[in-house]
Every structure is written in structure tokens, then in C-alpha cells.
Amino acid sequence: MTHQIPVVDLTVALGDHPPRELLGEILVAAKEIGIIQVVGHRVDQALIGEFSRRAGRLLSLPRAEKANLASPTGHPHRGWRQWPDDFGRLELERFNIGQFDNPADARAAGIAEEHLAHYAHSNVWPPDDPQLRDVAFRYIDACRRVAERVLRLYARVLGFPYDTFRQSPLPYLTLTVNDYPTWSYPDAADEDKLLLLEHADGSAVTVLSQEGDYEGLQVQLPDGDWLPVPIIPGALQIFSGTLLTRWTNDYLRPARHRVVAGGTVTRRSAAVFYHPSLDSVLEPLAPFIGIDGTEYEPVLLWDLLRDGVEDYLKVFGRPEQVTAWWQGKPYVAPLAENSAGRLLRLAAARASRSRIDQVARCLRRRHAGPLLVGELGSDGHPGAERASMTQPSSRRYPPSRPVVVSSSMSRKRESLGTAAGVRGLRRPALVCGRP
């Protein structure tokens, strides 16, 4: 069977007389791959563009300035983050935004007292762009409305009332912006240049916007193959998350997806993760429970989320990152020796040193005496910078050359779920919205 990702006009699909063929395509996609693309979503393109522009400006700042935007308490899901891929070659950059800036804002919005600690780690905003905060929150709210319309759409294609999937007046929302660098190494198989490992989001649905010049986002098909997600101007991508799968007792499939490096420009995506309210009891809904019952036990969304940082760090945390978290200090991942960011810095420094040497030789020809051009290291960096770059790293990973992961190992990794992986090999798949 040939699978395609349907492009759905929400205005038509939720209208009075939607084409039956369209509803059938949506149902097949929701059951088998867990993703659709939507147009007619009512999110102002100017808002999408302005948020992307402001987020892109932030992510293009010098690394030293971005380091000041890391979470001051080491929270991995707040502020700016950057880390190399499994082979140390590239840096995926990420900027995370919580639904509320602090507990006071959360309390004012109606969040229960027992949940306020979730917002104790504040958002981090760039001081030179005070408007980013307002634009980001407007973008989150616009995507919330899209998520709720899609949930009504899924109820419709299943033949159930619009309100089948419960919508809270205060859903739990987060926003993540990812920048994926270009691929500047010899060509390789997709499995060897993954920037975001295969995973399914822990949301009910995720609303994504993407831009770039290559189809790096891929979704997994039922047979295990991967299908690139086309970049369609103006469209938003809607991923089904594991909460929707729980609600439907496994009838609707969560979208397992990954991102492969490539292209000639930085690829950017912005994802809003939509969940019901923190006090929601999650269990399969009555229409989806047959004579065989269900294997899902009722659970509060809060119980799934309150230890999310610790659970994440147990699997993906580096020793120094875990230490920073427990000490309440910011963490900025060091660049690997063979990372794209460090190589670019070295190349720029060497080019600068070459230029200095060229000017010095020219001046020496004009003036017989020696010329002092400043204390520079052999790689063109100032002495202090050079010293910091040549300090032995305490990191024992990733390896300096690729590790071949067999298909059998990949299948084993998938079966591990969220169990801890082996350092140096690809980490296991994670059912989570933000890693």
C-alpha cells in the first residue's frame, strides 16, 4: 500500500458537507501513520512569519550570547540549548518556552496550587527583543485553537460527537523551536545523520510548522520504512501523540518521526505540544473499549509530567548536565572536537590569523623592525580562548568515528522504549515531546 500524508483544508473538512473521500483519507492517515498536514487553519501567516523571524534572530546570535539564554537553573526544557549529534558532528539548537513565565502567572491563569512547582523554572527571554515574549504566547494560543479543531475533526472522521476528545479550558501547552544545521560532511545513509532520533510525542497532538529547503522530517510507516514529510508553504503538520493513542485504546497510531540532516540552509521547526489540563485523568474513552477491555490503567496527566525532567535526564542526561540540574546551575553543552560549530570557529580563526600574518609580512617589508600583532594561539584564537579550547574534555562520548548500528540493533533499541541506552551508540527511542 502506498501511503501519502493528506493535505486537509480544515474549513472544508469541518464544514457542513465535507467530501466523503477526504474524511476517509484522514481516517486512514490517523490510523496508520499519525500525521496530516492542514491548511485553512486560521493561523495568521504574518504571526507565523514574525515568530520564525524573531526566533531565527535569537538562534543566529553568537554562541556566547546564546549561552546567557540557557536556563539559569539547568532546566532542559527552558531557554536555549545546543548539543552535538550522536557522532559529535553537528549541533541541534533548541529554544524552549513554557506556557507561563513563573508560578505567579500560572496561579493567575487558574493553575492549581499543587501544580505551581512545574513553573518554578522561569522562561528565558532575550533582553534585546522584548517583543518575542508576546509573539511567542500569541503563537502558542493560535496553535492551541488548531489542535482543538483537529481533535474535533478526528472525532468526526471516527463517527463520534465533536466533543469526544475532552478539551479543557486550560490545556497544558509547551513550545519548542529547533534549528537543524546543514550537512557539510560526506554523504551517508539517513540512519547515520539523524539530528532528532525516532520518537513519538507524549502530547495529545502536536502542531508543527517547518521551513527549509529539504524534506528532513520523516514519519514512520506501518512496515517500518520512512516517508519524508513534504514542505508545503502555509501548511501546518499535525502529529498524533501517545495521549491520543491512549484515549482511543490504540486505535489511532502515534506519529513516530525523526529528522535527517541535509539541505543547504538551516532547517527550522516550531512545535506546540497540546495536552489536556494537568488534572485530567487519562484513560481510554468509552467508545473505544470493546469486549476485550483495555490494558491502560487510569493515570493523571500530572503524574506523567511531574517527574519529566528527572526521567529525561536518566536517559539522555550527560553527567555534567545532571550535576548542573541538581545544583540549580545553567548548563551549556561543550562542542565536540569534530563538531560543525567548532570546525567553523577554527576555520574562521585560521583565516583571521592568515590575514594577520599577511598584513604583518607586508608591514615588515615596509618597516624593518618586528611587528607585535597581539598574543594569539597557533589556531588563531586569543590565548585565553585557546587555553579553554585545548583543555582535555571530561566527555567520554560521542565516539570520534561513526558506530555502525545494525538493523537488528535498531529493532532492539526500539523495544527498549525509554530504558537507558549504551553510551556511544544511538540512544533508545523515547516517547516524549521534547528531547
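Only the coordinates and a few stated rules stand behind these numbers; no lab work does. Because the structure is predicted, anything quoted here is derived from the model rather than measured. Because the Cβ atoms are built from the backbone with ideal geometry, glycine has one as well, and the counts that use them run over all protein chains shown.
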Top positive-direction residue, dipole computed over segment 274-340 with Cβ charges, set Leu301, Pro319, Tyr274: Pro319
With the dipole of segment 148-203 defined by +1 on each Lys or Arg Cβ and -1 on each Asp or Glu Cβ, the option from Thr174, Leu197, Thr164 whose Cα lies farthest towards the positive pole is Thr164
Sequence order, segment 258-267: Karplus ³J(HN,Hα) from phi using 6.51 cos²θ - 1.76 cosθ + 1.60, θ = phi - 60°, Hz rounded, Gly and Pro as x, gives 8, 10, 10, 5, x, x, 10, 10, 4, 8
In sequence order, what are the phi-derived ³J(HN,Hα) couplings for segment 295-312 according to the Karplus relation 6.51 cos²θ - 1.76 cosθ + 1.60 with θ = phi - 60°, rounded to whole Hz, with x for glycine and proline? 9, 7, 8, x, 8, 6, 4, 4, 5, 7, 9, 5, 9, x, 5, 4, 4, 5
Taking neighbour Cβ counts within 10 Å as the exposure measure, how do Ile36, Ile5 sort from fewest upward? Ile5, Ile36
Estimated dipole of segment 71-112 in Debye, rounded to 20 [Cβ of Lys and Arg +1, of Asp and Glu -1, Cα centre]: 120 debye
Taking θ = phi - 60°, what integer Hz values does the Karplus form 6.51 cos²θ - 1.76 cosθ + 1.60 yield along segment 162-177, in sequence order, with x for Gly and Pro? 4, 8, 4, 8, 4, 10, 7, x, 9, x, 8, 9, 9, 10, 10, 10
Amide H contacts under 5 Å for Trp83, placed H, 5+ residues apart: Leu92
Farthest toward the dipole's positive end in segment 24-64, which of Ala30, Leu47, Ala64, given Cβ charges of +1 (Lys, Arg) and -1 (Asp, Glu) about the Cα centre? Ala64
Could you please state, rounded to a whole Å, how far the C-alpha centre of segment 68-83 is from the C-alpha centre of segment 239-298? 26 Å
Would you mind checking which residues have amide H under 5 Å from Thr174's amide H? H placed 1.01 Å from N; only 5 or more apart, or other chain. Phe273
Residues Leu305, Leu252 arranged by fewest to most Cβ contacts within 10 Å: Leu305, Leu252
For segment 103-196, which GluC sites (Glu not before Pro) are both in a DSSP coil and crowded by at most 16 other Cβ atoms within 10 Å? none
Estimated dipole of segment 121-225 in Debye, rounded to 20 [Cβ of Lys and Arg +1, of Asp and Glu -1, Cα centre]: 960 debye
Would you please classify the overall shape of segment 31-77 from the alpha carbon gyration tensor, given that a ≥ b ≥ c denote the square roots of the eigenvalues, rounded means a/c under 1.5, and beyond that prolate means a/b larger than b/c while oblate covers the rest? oblate
Note down the magnitude of the dipole of segment 1-47 about its Cα centre, charges +1 on Lys and Arg C-beta and -1 on Asp and Glu C-beta and zero elsewhere, to the nearest 20 debye. 80 debye
Prolate/oblate/rounded label for segment 209-269 (Cα gyration tensor, a/c 1.5): prolate
